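Worksheet: one structure, shown below.
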Amino acid sequence: MKLRKIMTKKYDIVATTGTYQKNGETKNRFKNVGVVMEKDGKPFILLDRTFNPAGLPTQDDRDTVLLSLYEPKDKNTDQAAPLDDHIPF
């Protein structure tokens with residue numbers, strides 16, 4: 001019998017796309033732009049085809065883009081996500 005190879009989602013890849021005001025406080029706006037997956041112990045990235053890092057706001061006039069990795073939320077629980085209500089996905 002052949003074993004089915006399983007892919008697992010390791011991280012969400014998240015970009016800060018701008019800011020907004022809430023209750024007089026400046027908050028960051030986030031967008032999920034991809035995922036880090038793993039198959040057979042080897043990680044790989046699936047990136048949203050429409051994501052264009054050139055459109056992100058610059059930080060300190062750098063030519064680089066900062067993308068953060070977050071463990072995926074467990075959709076089967078009602079616990080608050082570690083990123084709380086600031087992420088719209």
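The values are calculated or read from the model by the stated rules, or taken from the named source; none is laboratory data. These numbers were taken from a predicted model, which means no experiment stands behind them. Cβ sites come from the backbone with ideal geometry, for glycine too, and all protein chains shown count toward neighbours.
Over 12 Å from residue 9 (Cα atoms) and at pLDDT 95 or above - does that describe any residue in segment 33-42? Yes, segment 33-42 has at least one match. The number of residues in segment 72-89 that are surrounded by fewer than 13 Cβ atoms within 10 Å (Cβ to Cβ) and either farther than 19 Å from residue 20 by Cα or modelled with pLDDT of 90 or more (or both) comes to 8. Contact map, segment 49-62: first residue more than 14 Å from residue 19 (Cα to Cα), second residue modelled with pLDDT under 90 and surrounded by 10 or more Cβ atoms within 10 Å (Cβ to Cβ), Cβ cut-off under 8 Å, separation 6 or more or different chains; pairs are 53/65. Taking strands (runs of 3 or more DSSP E) as the structural unit, those lying wholly within segment 12-73 and holding at least 3 residues that are of a type in the set (Lys, Arg) correspond to 25-39.
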